[in-house]
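Taking it in order: structure first as structure tokens, then the write-up.
The values are calculated or read from the model by the stated rules, or taken from the named source; none is laboratory data. Keep in mind it's a predicted model, so treat the numbers as computed, not measured. No Cβ is skipped: glycine too gets one built from the backbone with ideal geometry, and neighbour counts run over all protein chains shown.
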There are 4 protein chains.
Amino acid sequence: MELGLGLIGSGFMGRTHAFAFNNVARVFNLPVKVQPVMLADVGEEQAARAAAAFGFAESTADWRRLVADPRIHIVSVTSPNLLHKEMALAAIAAGKHVYCEKPLAPKASEAEEMARAAEAKGVVTAVGFNYLKNPMMRLAKEIIDSGEIGEIRAFSGIHTEDFMMDTEAPWTWRLDPAGGGGALADLGSHLIAAARYLVGPVAEVCGEVATLVATRPDGAGSAKRKPVEVEDIGRAFLRFENGCNGVLEASWIAGGRKMRQDLEITGSRGSIAYCGERMNELDLYVTSDKAGRDGFRKILAGPANEPYGAFCVAPGHQLGFNDLKTIEVCDLVRAIAGEETGHADFREGLEVQRTLEAIYRSVEGGWTRVS
Amino acid sequence: MELGLGLIGSGFMGRTHAFAFNNVARVFNLPVKVQPVMLADVGEEQAARAAAAFGFAESTADWRRLVADPRIHIVSVTSPNLLHKEMALAAIAAGKHVYCEKPLAPKASEAEEMARAAEAKGVVTAVGFNYLKNPMMRLAKEIIDSGEIGEIRAFSGIHTEDFMMDTEAPWTWRLDPAGGGGALADLGSHLIAAARYLVGPVAEVCGEVATLVATRPDGAGSAKRKPVEVEDIGRAFLRFENGCNGVLEASWIAGGRKMRQDLEITGSRGSIAYCGERMNELDLYVTSDKAGRDGFRKILAGPANEPYGAFCVAPGHQLGFNDLKTIEVCDLVRAIAGEETGHADFREGLEVQRTLEAIYRSVEGGWTRVS
Amino acid sequence: MELGLGLIGSGFMGRTHAFAFNNVARVFNLPVKVQPVMLADVGEEQAARAAAAFGFAESTADWRRLVADPRIHIVSVTSPNLLHKEMALAAIAAGKHVYCEKPLAPKASEAEEMARAAEAKGVVTAVGFNYLKNPMMRLAKEIIDSGEIGEIRAFSGIHTEDFMMDTEAPWTWRLDPAGGGGALADLGSHLIAAARYLVGPVAEVCGEVATLVATRPDGAGSAKRKPVEVEDIGRAFLRFENGCNGVLEASWIAGGRKMRQDLEITGSRGSIAYCGERMNELDLYVTSDKAGRDGFRKILAGPANEPYGAFCVAPGHQLGFNDLKTIEVCDLVRAIAGEETGHADFREGLEVQRTLEAIYRSVEGGWTRVS
Amino acid sequence: MELGLGLIGSGFMGRTHAFAFNNVARVFNLPVKVQPVMLADVGEEQAARAAAAFGFAESTADWRRLVADPRIHIVSVTSPNLLHKEMALAAIAAGKHVYCEKPLAPKASEAEEMARAAEAKGVVTAVGFNYLKNPMMRLAKEIIDSGEIGEIRAFSGIHTEDFMMDTEAPWTWRLDPAGGGGALADLGSHLIAAARYLVGPVAEVCGEVATLVATRPDGAGSAKRKPVEVEDIGRAFLRFENGCNGVLEASWIAGGRKMRQDLEITGSRGSIAYCGERMNELDLYVTSDKAGRDGFRKILAGPANEPYGAFCVAPGHQLGFNDLKTIEVCDLVRAIAGEETGHADFREGLEVQRTLEAIYRSVEGGWTRVS
């Protein structure tokens, strides 16, 4: 089976999609071959340049043409967040499978529209919560699900970076309140996805947000400043449906943190700790260790942690960020081929969005049910 | 000048007080010499044994006799929390300087009574927030106060241990609701003290608590179980008076964590990170580092970090927990001798208690002012 | 320009070559396009299967046919070490550019033959010292060359893994003494390459070797055991031509180490430390840091560290092992296109082999000149 | 039983001895009480000041008077290394127990004279290899001796600091060649002691030394420079009597390292790793861990690790450098009281010295037997 791919966008995420689709056929033994057909971006020239670089035969400045092309079966949406919905809905309407970057849409109601449309049409979808694809996340889930650390009691998640810490970092589309939020939406959504993946659905939340940089230059070097209306830092207490409790924190002004995504899951018989800046390690503590010999053990990613071995047969040699995208694409393609992959689809993207939205609502009203 | 010391209690904290008073005269060049005079504990025999071990000439099972003894000028209170107030007030009334373990008392109103009594009487007091005595905490404060990391934006504190994680760990006095709380009171209070020390007074809080182990054996090995009414995990969002925001988390069921006391302070031009299980290290990030050469630098404690040098002239050789108590005693003695030490006195203990109490109140009512 | 690629071998290294050639065109903006033409392996079927998986149009069990094919301009040699020389020489004779896995050959004299043949023929060569391709290695070199840590005084390198620690791990071709050595040749050669890259040529060495597992099963599960004649652990003192001194250690029986490649370079005004199991970090210490604020700073790989940015625009997101191979291929292709890349070619492979051989000689005779 | 203590010297080590003797009676329940009697130092005034600070009733500028005093039963020798022998021999001759800082003497022959004299006289001796007193070292030994990590195959030790890295750091007595050596003698001796403690006697060595800072100011700020005749860096390969092999490295010019004392012991079924700058941690790897759950586990020091509990009942709260000295004194006092402590006595100090001396001899002659 061979499927055609259309890619919308060629920025940070567009490139990683292109890399991943290109890589996936070599790394994995897939039942389906995906052929890059067309790349769309703003402006013919930019689209053409990106298409050449990424191995797409054709390019266009009109994404609707891409969506409509019958040779294309999968549409990757990596455009700015505000455009996701329109593009994804158009692709779904055209019967395409859709791989959309997170967040699906600024509002949960929009995400719901997207999820429903896809389900109604019967197409396969995927949303880019790539960190879940880390073999060490799969290992964490395996440990939790097996009961090795007992009943899960608490979850803690911290995702902090520092790309907005500079007061002079200019206003960007990330700060547009229409986009659905600030650091919580951008980074915290990964924590929600991880919490759901590892622990389960979140029932109730209580959050807070803070904007520390009140205004930013309206463009690089501009003397004119624009007010910032989304949060630089957001936090939430979580109560999971299974009785577990937790907390999460997201910040994009945390000096020195580049990709801190620290997770800790506490169970009645052990704990798991993970640090995003060291994505090839997982720390595990189990009370079953002999007294006097207990301690967090540092598990290094290796072939024992699927699908690490598809990339490299030697443990400790490390996967990188782009490899996570390759795994994400692998799961999407397998799902299209009819396999059960349990990957994050639009329905999951919607649930994350609902949780996020409940956090924003709770900032005013206190504990709020996710719905 | 020579002052007599009376020590009430000889458990974990009683021993560390004894060690510290014994050690302080060797390590520091103090204007005052403190002589151990009498030790009080429950039961004559236990008191006598402890007195012999700790170098106290006399012992008693009647702490009131100790408090009343005219040869005693300083009273160390290391008894169970519920007794602190009565003992401290008696000592104050007798004109003694008082060194009391935290928390001063289960209720802020009681702590206030203690602080007022001491101030009215003009005696010197100290409360055992020993982690503040770590030279690396002093370094953190120095960095913050100097403006090296800019304006402080956020505080994050995590204090987790695992001594109560086992469902079969028996009910203890720590679980007595009359004691004022659970993990938040026991461990979280250290975070509040650190937050106040490093960032300043907390204005408003919003907290939550969770009890994961609902019942515990009523004594080691007992088949009878007793309900647990205090929290195993507690968390709070913080708004400081200076506009900074923050979060803290305390847990005594965090598998594998023995003395995790992780602090992160984020400023507009840098960050500080500290891990309690590595108390001789402080991580500092400054944006003034040359591009491409920036990163958290790991500062190892050494003579440059007062008063490390009083213990050891070589950096990296490390201080231990008991050394913090020695520094605490040093500050107390210097304050008695009239020096300005800025150490945590009963007034500070009261402020911590007020913050803690506000957190407990906020669990029901949402954001609550500290008062 | 478009060049044809022939790949010999499809094992661990063969796969990474295939991944890298496939990836490189997407990640980098190269002046040359490389087209996979033919894959050779032992047995038609195995070759055909690998060719299909890796995107090669044709396959063969006869590597000589591949080498002779006029559509092929680059030959990748990833066969067992003992075959490198014959294959590479044949490819060179046919005027192909050659990318050969390390070691070039068991003996320096053979490596020299290969280097000379390539130079005489004027083809471009590369040898797979992929760890040098890590942007953090490039950063280390940049720091050293700029004088930021002063005059280099000492080098220390440790490369340890544990894949042979089990006494029951069967005898493999790695243990064939005809292959040129054991852990030193296999892992230590990476340290020699790093030492040369960062510090410079090694003038004299003094080494020792030890074989701890004297016999191994002759095949998995075999009751028959075969003697081990190569070293499990090897070490050497080094004296560099520039006066710097150093030490290296290689072991493949170091329990728990999967890809430890720890390097420390000590200069008169600072130090660099690197850990291979955390390949996206580099620790830098400079004496120019303000007193009391000095410490190793942990630099996280990011776009500032070329060519990290070609893979990912966000720092801290991490590259993986396969990305290093992609960079290696990039340098090879650029060199073929006439750019100056300073990559490790056959001449460099020869120098590493000479250093290695001197170490083996020194085991008997003490300090030995590299020649 | 009560014994009198005489302390010679009041510098870095003199102070730690004073701290330790003062502390030991509180921390441990000893059968013997040690009373500080007299302190000797160069100059009456300095001795008197130190005596007052350290709680010694008397002081003297004449160490011979101290040694002769019948009220003194234990003599602590913390003077410059060149004086150890004369003082210790005099103390032994007077029938005193002697606690001497390492190295016993510059030459093994002198150390032998000291050990023999003590044995002939039947006094108890101790030499200050304080790092062996770390409960984590005891744990390491326990793990090794129990066979938990199988047969020991290799030892690696690195002890590096940076207090001499500055070219302008002045010439000191440490650089006097009469003192017996440089970094190897000063720091490497700790590694030899650790190697012997954990693995056993060293049979053969092959070492090298390097002096990187050729001249130093003859006194702080002096324009006159004095040649440096001892090594800044020293290394040695080791062959143990039990067949294990190893390597050690010592440097005092290793920028950023303050108390790096990293040890790794590799066995046939596991490994131990220890870092001196984190002296309350021990990393343990065992192959008996379930596949996919293996990794170095980080054991945090706690009451399970004797005698940690004597200092603190809570794990993870950390001991410091001075606590190691307290344990060392505890062992000495117990040995005097007739207990079997297995502590490092003059005989052990001699064996370390013999090993060190063999390393120095081997620099010229290659592999050399320890004798």
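So here's what we get for this one:
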| read-out | value |
| --- | --- |
| When residues of region B:343-371 are limited to those that are in contact with an Asp or Glu (Cβ under 6 Å, 6 or more places away or on another chain) and more than 21 Å from residue A:239 (Cα to Cα), the one nearest to the other protein chains (Cβ to nearest Cβ) | B:369 |
| Failed criterion for residue B:28 (all others in (1) out of contact with any Cys (no Cβ under 6 Å at 6 or more places or on another chain); (2) over 19 Å from residue B:125 (Cα atoms) hold) | (1) |
| Count - residues of region C:247-256 that are under 25 Å from residue C:369 (Cα atoms) and either aromatic (Phe, Trp, Tyr) or at the interface with another protein chain (Cβ under 9 Å from one of its Cβ atoms) (or both) | 3 |
| Criterion: more than 30 Å from residue B:75 (Cβ to Cβ) and more than 12 Å from chain A (Cβ to nearest Cβ) - qualifying residue of B:154, B:140, B:117 | B:140 |
| Filter result (crowded, with 19+ Cβ neighbours inside 10 Å, in a helix (DSSP H, G or I) and in contact (Cβ under 8 Å) with a residue 60 or more places away in the chain) within region D:143-178 | D:143, D:144 |
| Number of the condition not met by residue C:333 [criteria: (1) within 12 Å of chain A (Cβ to nearest Cβ); (2) crowded, with 20+ Cβ neighbours inside 10 Å] | (1) |
| Residue, nearest to residue D:244 (Cα to Cα), within region C:224-239, restricted to residues that are in contact with a Phe, Trp or Tyr (Cβ under 7 Å, 6 or more places away or on another chain) and within 13 Å of chain D (Cβ to nearest Cβ) | C:232 |
| Condition met for residue D:244 (modelled with pLDDT of 95 or more, more than 23 Å from residue D:106 (Cα to Cα), assigned by TED's automatic domain parsing to the domain that holds residue D:144 and crowded, with 24+ Cβ neighbours inside 10 Å) | yes |
| Residues being surrounded by fewer than 17 Cβ atoms within 10 Å (Cβ to Cβ) and in contact (Cβ under 8 Å) with a residue 40 or more places away in the chain - total across region B:205-220 | 4 |
| Which listed residue is outside the structural domain of residue A:350 (by TED's automatic domain parsing), modelled with pLDDT under 95 and closer than 28 Å to residue C:28 by Cβ, from A:53, A:40, A:61, A:47 | A:53 |
| Test: residue C:249 is more than 25 Å from residue C:163 (Cβ to Cβ) and among the acidic types (Asp, Glu) | no |
| Scan of region A:209-225 for residues that are farther than 27 Å from residue A:137 by Cβ and either acidic (Asp, Glu) or touching a helix residue (DSSP H, G or I) at 6+ places or on another chain (Cβ under 8 Å) (or both), ordered by number | A:216, A:218 |
| Qualifying residue in region D:214-230 (condition: in the same structural domain as residue D:168 (by TED's automatic domain parsing), assigned to a loop (DSSP other than H, G, I, E, B), within 12 Å of residue D:188 (Cβ to Cβ) and under 19 Å from the mean Cα position of the chain (by Cα)) | no |
| Test: residue in region A:182-192 that is over 23 Å from residue A:107 (Cβ atoms), within 14 Å of chain C (Cβ to nearest Cβ) and touching a His at 6+ places or on another chain (Cβ under 8 Å) | no |
| Filter pass, residue C:300 being facing chain A (nearest Cβ under 8 Å) and closer than 30 Å to residue B:141 by Cα | yes |
| Subset of region A:303-328 [buried (at least 24 other Cβ atoms within 10 Å of the Cβ) and more than 13 Å from chain C (Cβ to nearest Cβ)] | A:328 |
| Within region D:120-142, considering residues that are outside any loop (DSSP other than H, G, I, E, B) and small (Gly, Ala, Ser), the one nearest to residue D:182 (Cα to Cα) | D:126 |
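This table checks each residue for (1) touching a Lys or Arg at 6+ places or on another chain (Cβ under 6 Å); (2) at the interface with another protein chain (Cβ under 7 Å from one of its Cβ atoms); (3) polar (S, T, N, Q).
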| position | (1), (2), (3) |
| --- | --- |
| D:258 | no, yes, no |
| D:266 | yes, yes, yes |
| D:279 | no, yes, no |
| D:286 | no, no, no |
| D:292 | no, yes, no |
| D:341 | yes, no, yes |
